[in-house]
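Student: First the structure, then my questions, so here it is.
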Amino acid sequence: MSKKSHARKSNAAKTRPVWLFPLIAVVVVVVVIGAVLLLNRSNQPTVSVDVSGKPNLVVDKTLIDFGNVRFENPVTAVFTVSNTGDKPLQILQEPRVELLQGC
C-alpha cells in the first residue's frame, strides 16, 4: 500500500457525520432549557407573600354586570376599597371607570 492511499483511508476514518454536531447542540439546548424551567418552578413561593413597606390597594369587585338597563334608569354600584399594606395609601386622582354599553 502506498503512502497516499494510506493517508486517504486515515482521513476518511476521522471524518464525522455532518448531522452529529447539530444533534449534540440541540440536545444540549434542550437540557439547559429544561434545567432552567425546573429551577424557576421550584423557586416560586407556594404561599402568598405579604406586602411589606408599601401600600397595597385591594378592591372587592372589578366587574359588575347590571344586565339590560333601560335608558336613563340610574344604577348604583358599591365597591369596597381597602389598604392591606403597612404604609398609608394615597389616591391622587379620580379612579377610572369604564362603562360598556351595547345596542
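Where a number appears in this text, it was derived from the coordinates with a stated rule and is not lab data. Worth saying up front: this structure is predicted, and the values here are computed from it rather than measured. For neighbour counting, all protein chains shown are included, and Cβ atoms are generated from backbone atoms with ideal geometry for every residue, glycine included.
Student: What distance in nm separates the simple spin-label points at Glu72 and Ala35, each placed 7 Å from Cα in the Cβ direction?
Tutor: Going from the Glu72 label point to the Ala35 one covers 7.2 nm.
Student: Okay, next question. Under the Karplus relation 6.51 cos²θ - 1.76 cosθ + 1.60, θ = phi - 60°, what is the ordered set of whole-Hz ³J(HN,Hα) values for segment 66-72, x standing for Gly and Pro?
Tutor: 8, x, 7, 10, 5, 4, 6
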